[in-house]
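The values are calculated or read from the model by the stated rules, or taken from the named source; none is laboratory data. Keep in mind that what you see is a predicted model, and the values were worked out from it rather than measured. A quick note on method: Cβ atoms are made from the backbone with ideal geometry, for glycine too, and the neighbour counts reach across all protein chains shown. All accessible areas refer to the heavy atoms of the entire protein, side chains included, with ligands and DNA or RNA removed. Shrake-Rupley method; radii C 1.70, N 1.55, O 1.52, S 1.80 Å.
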Amino acid sequence: MSDSGNQSSARMLNISFNMILLVFFVYLNTIGENDESKIKKAFGSLVGTFGIIQGGLNIMEGEKLLPKGPPMLDPFKSSVDATAMLRRFIEERQIADEVIISRKQRNLTIDFSNKLLFKSGNAELLEDGRELLGIIAVALKQSSSPLRIEGHTDNIPISTKKYPSNWELSTARAVAVLKFLHEEHHIPAERLLAMGYGEYRPIVPNDTPENRARNRRVRIILEEE
């Protein structure tokens with residue numbers, strides 16, 4: 001590919017990152033609102049400001065974005081620093097396919113590939129994983145909604161003294177993320193719930209190495225009350 005082609009691809013990738021992150025933080029800034037009209041205005045402003053959504057935006061299973069509404073004043077407030085930090089983190093490490101942000105109804109879901117957070121067969125957070133979760137925590141702290149943290153594995157059995165099965169491993173990983181958010185970033189314990197599903201809730205069939213890698217994940221769900 002030519003240099004101009006690479007530059008064009010990079011620009012498109014930047015747009016995709018920006019859109020994912022902007023939707024993420026607009027949603028967090030509005031999720032605590034009970035006034036539906038404010039939520040509509042927030043998403044409407046996003047559409048009106050940025051126009052056509054680029055193909056790289058990972059918003060899945062959700063409702064259609066709403067018509068243009070009045071522009072918001074200072075929509076990101078203190079989130080702006082976290083937005084830039086997260087975008088830079090993803091770009092520098094080339095992990096756009098490893099962090100998937102999606103929305104279903106009014107719940108926000110963030111899927112992290114396990115390789116970003118843990119070594120194989122281990123539930124101790126990697127340094128890069130701690131950095132990534134720390135950036136996410138800055139945004140999560142702006143909401144008071146419950147956070148459910150799920151651990152998932154592929155269907156390859158594990159049997160060690162510490163983790164006799166994928167149940168124990170997936171649960172330990174979810175708890176590790178929960179404790180990090182609570183102990184390092186002071187997200188209240190009453191907001192947090194950790195669950196381990198092992199191999200029993202795959203998002204794709206465990207029939208190829210690539211699919212098994214997709215199923216090995218930690219999911220954080222911000223649940224609207």
Problem set entry | Charge sum, other residues only, whose C-beta stays under 10 Å from residue 148's C-beta, Lys/Arg counted +1 and Asp/Glu -1 | 0
For this session: Could you list, in their original order, any pairs among 115/161; 115/162; 119/162; 141/162 whose Cα atoms are separated by more than 25 Å?
Result: 141/162
For this session: Using a 1.4 angstrom probe on heavy atoms only, work out the carbon and sulfur share of the accessible area of segment 80-197 in %.
Result: 50
For this session: Leaving out ligands and nucleic acids, note down the accessible area per residue over segment 164-221 with a 1.4 angstrom probe, in whole Å².
Result: 52
